[in-house]
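Remarks on the structure that follows.
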Amino acid sequence: MKDALLDVLFNSEKRMNIILLLRDGPQEMDFILSCLSTSRQALLPQMKILKNQKLLYQLDDVYGLTSIGKLIADKMKPLLDLINTVDENSHYLKTHKIDGIPEPFLRRLHEIKDFIVFEPSHINSHELNMNHFEEAIKSKAVYFIATYMHLGGLSVLEQLVQKGTYASLIFTEEYFQKIIKENYDLCKYYLTCDNVKIYTSKNEITISSLTVVDTGFQLRLLYKDGEFSNKQMLCYNPKARKWGKDLYGYYLKDAELITKI
């Protein structure tokens, strides 16, 4: 029976699309046909299979999911999103330390299914990603996690501070000491700004960097051998923004607020 149900769900794209389409509620057949771009003759046999498995019910020309159908549909969507995410970005995920992302967020990888991988050209490898920089400048709040500072990072922070944007930063202890040594007066100034919060992490930060803006995030991971990678994961939508902000919060809970140096 288990094998038969798996076959019903995953061996037909039409059946899978019917289940996903009806997650939001019952629909008339004409609407289903229009959404799936198919004919009644082609779809009815698939509907019958789903009805036989007690996943679908019919009232006149309206079809909906049974309680079991709804339960399965709610679990199918994240699984399919995860499969698509891994499939579309398999090279990046295979070559980078994906386990650097804390486990609770790996389990939510389907939430960032629309992420893209951006790699600057060699000649621009040390320059800011200007598209992401523009998203940061437009934001009301920006959240940073860094184990290193990009060459243009402090100038970005300066512009955010001048604009009145709320900026919250988490550094490793080792890296923060380096920043203080090289930019003591600037660090002291930022600690007096009401719209800037600086933290140091008590625990290991296992990602390379994270920037969360109002529209989404930019994430860098290390290569599998631990070497720095300039490739960036970018994702801009409300779910992605929440995923990134929650990841920031994961590190924030064990971080210490810096009030003086």
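Observations
- Residues located in segment 114-146, provided they are assigned to a loop (DSSP other than H, G, I, E, B) and either of a type in the set (Lys, Arg) or at pLDDT below 90 (or both): Asp114, Phe115, Glu119, Pro120, Ser121, Ser125, His126, Glu127, Leu128, Asn129, Lys140
- Top-ranked residue of segment 208-261 - restricted to ones that are at pLDDT 90 or above and of a type in the set (Phe, Trp, Tyr), ranked as nearest to Ile98 (Cα to Cα): Tyr223
- Check on Ile179, more than 30 Å from His91 (Cβ to Cβ), modelled with pLDDT of 90 or more, surrounded by 15 or more Cβ atoms within 10 Å (Cβ to Cβ) and touching a Cys at 6+ places or on another chain (Cβ under 9 Å): no
- Number of the condition not met by Lys178 [criteria: (1) closer than 20 Å to Phe118 by Cβ; (2) not in a loop (DSSP other than H, G, I, E, B)]: (1)
- Within the option set Lys260, Lys197, Lys242, being under 22 Å from His132 (Cα atoms) and out of contact with any Ser or Thr (no Cβ under 8 Å at 6 or more places or on another chain) holds for one residue only, Lys242.
- Strands (runs of 3 or more DSSP E) wholly inside segment 184-261 that include at least 1 residues being within 16 Å of the chain's Cα centre (by Cα), among the aliphatic types (A, V, I, L, M) and under 25 Å from His91 (Cβ atoms): 209-213, 216-220, 232-235
- Count of segment 223-242 residues which are closer than 19 Å to Pro120 by Cα and out of contact with any strand residue (DSSP E or B) (no Cβ under 7 Å at 6 or more places or on another chain): 3
- Qualifying residue in segment 158-166 (condition: of a type in the set (A, V, I, L, M, F, W, C), in contact (Cβ under 8 Å) with a residue 40 or more places away in the chain and surrounded by 14 or more Cβ atoms within 10 Å (Cβ to Cβ)): no
- Look at (1) modelled with pLDDT of 95 or more; (2) closer than 23 Å to Ile261 by Cβ and you find that Val196 fails only one, number (1).
- Which listed residue is more than 25 Å from Trp243 (Cβ to Cβ) and either free of Cβ contacts under 8 Å to residues at least 24 places away in the same chain or in contact with a Cys (Cβ under 8 Å, 6 or more places away or on another chain) (or both), from Leu65, Leu44: Leu44
- Among (1) touching a Ser or Thr at 6+ places or on another chain (Cβ under 7 Å); (2) crowded, with 17+ Cβ neighbours inside 10 Å - the single one Glu173 does not satisfy: (2)
The values are calculated or read from the model by the stated rules, or taken from the named source; none is laboratory data. Predicted model, so just to flag it, every value in this text is computed and none were measured. Cβ coordinates were reconstructed from backbone atoms using ideal geometry, including for glycine residues, and neighbour counts include every protein chain displayed.
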